[in-house]
1. Highest mean first, what order results for 220-226, 154-160 on Cβ atoms within 10 Å?
2. Which links in LYS19/LYS164; LYS156/LYS206; LYS70/LYS203; LYS137/LYS203; LYS2/LYS70; LYS2/LYS203 stretch past 23 Å when you go from one Cα to the other?
3. Each residue of the range 200-213 in order: what ³J(HN,Hα) in whole Hz does its phi give by Karplus 6.51 cos²θ - 1.76 cosθ + 1.60, θ = phi - 60°, with x for Gly and Pro?
4. Using θ = phi - 60° and the Karplus relation 6.51 cos²θ - 1.76 cosθ + 1.60, list the HN-Hα couplings for the range 46-51 in order, rounded to whole Hz, with x at every Gly or Pro.
5. Report the gain in length on full extension from GLU46 to ASN216: 0.36 nm times residue separation, minus Cα-Cα distance, nm rounded to one decimal.
6. What residues qualify as long-range amide H neighbours of TRP184, i.e. H under 5 Å apart, gap of 5 or more or another chain, H built at 1.01 Å from N?
7. With the full set of protein chains in place, find how many percent of the accessible area of the chain is carbon and sulfur; take the probe as 1.4 Å.
8. Report, ordered by chain and residue number, the aspartates and glutamates lying within cross-link reach of LYS176, taken as a straight Cα distance under 17 Å and ignoring same-chain residues fewer than 8 apart.
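The values are calculated or read from the model by the stated rules, or taken from the named source; none is laboratory data. Since the structure is predicted, the reported quantities are computational estimates derived from the model, not experimental observations. Neighbour counts run over all protein chains shown; Cβ positions are idealised from the backbone, glycine included. SASA here: full protein model, heavy atoms, side chains in, ligands and nucleic acids out. Shrake-Rupley method; radii C 1.70, N 1.55, O 1.52, S 1.80 Å.
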Amino acid sequence: MKTMLITGASRGLGLELVKQYASEHWQVIACCRQPGQANDLTALAEQYPSISIEQVDILQEVDIQCLAEKYKQQPVDLLFMNAGAYGPKGYGFDDISTEEWLNVLHVNSVAPFIFIKYFLKQVIQSELKQIALMSSKMGSIADNGSGGSYIYRSSKAALNAAAKSLAIDLAGDNVKVAIIHPGWVKTRMGGPNALIDTQTSIKGIKQLLENLSLENTGSFVAYDGQLIPW
Ligand SMILES: NC(=O)c1ccc[n+]([C@@H]2O[C@H](COP(=O)([O-])OP(=O)(O)OC[C@H]3O[C@@H](n4cnc5c(N)ncnc54)[C@H](OP(=O)(O)O)[C@@H]3O)[C@@H](O)[C@H]2O)c1
């Protein structure tokens, strides 16, 4: 049985990832900040006993450390860093604040790599050896035609830069890294006007991961297979 460990499993894209992998008989370690409030995830875990729910706030390194200690003997085939934050919406350049910017950078750009650091051994011990990072096309500098969104854009651009290094550095251990744009998806973050639903996005992402190899590791790619310019 293959194992996926995922952050941000309470709702949106994370919840759908849990659902689609568990339904294909994967063991899923589903991390969320407040399990007591993650009703949809709890219902899914009742349906699929291969789902274990774990409390982790990715901003608390001690939470990650405790989880890594609990699962230190567990090979992790797919480590999926999905949790993310947008930060304040509808702000202009005059409104940016240090506190809000640093918080989003912590969630989107720093915490995923601290998490990976603690679970790298378990990934290397696994059969598939895959790491996926949920990025965004908004982190593409080449694709930025509309400006704004300073905080979110820069946080995903930083994620991309670090993920590319990780792909290069881990290729020698046969670890493959996918940097993924999920599409504009109807979730709490994407909003109701988004173009696709979570099922469509995750179906595409699963297919990408089935084709992830040392030949395409470190690519910045959309759920439908399109390469995104950096
Ligand atoms: N939806 C889109 O159109 C879109 C487009 C491009 C990229 N993305 C990316 O896709 C990923 C998932 O987003 P989504 O659309 O599913 O949004 P969402 O519904 O807002 O879900 C965000 C998830 O991240 C979790 N999270 C936030 N801060 C966290 C923290 N400090 N510790 C642990 N978990 C935390 C949330 O947990 P709580 O329930 O505890 O708040 C929630 O599970 C994000 O990385 C996002 O940037 C989304």
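1. Descending mean neighbour count gives 154-160, 220-226.
2. Checking Cα-Cα distances, LYS19/LYS164; LYS70/LYS203 exceed 23 Å.
3. So the J values, rounded to whole Hz, are 5, 4, 6, 4, x, 5, 4, 5, 4, 5, 5, 9, 6, 8.
4. Working through the residues one at a time gives 6, 6, 10, x, 7, 9 Hz.
5. 57.6 nm
6. Close amide H contacts, sequence-distant or interchain: LEU195, ILE196.
7. 51
8. In chain and number order, the partners are ASP77, GLU127, GLU210, GLU215.
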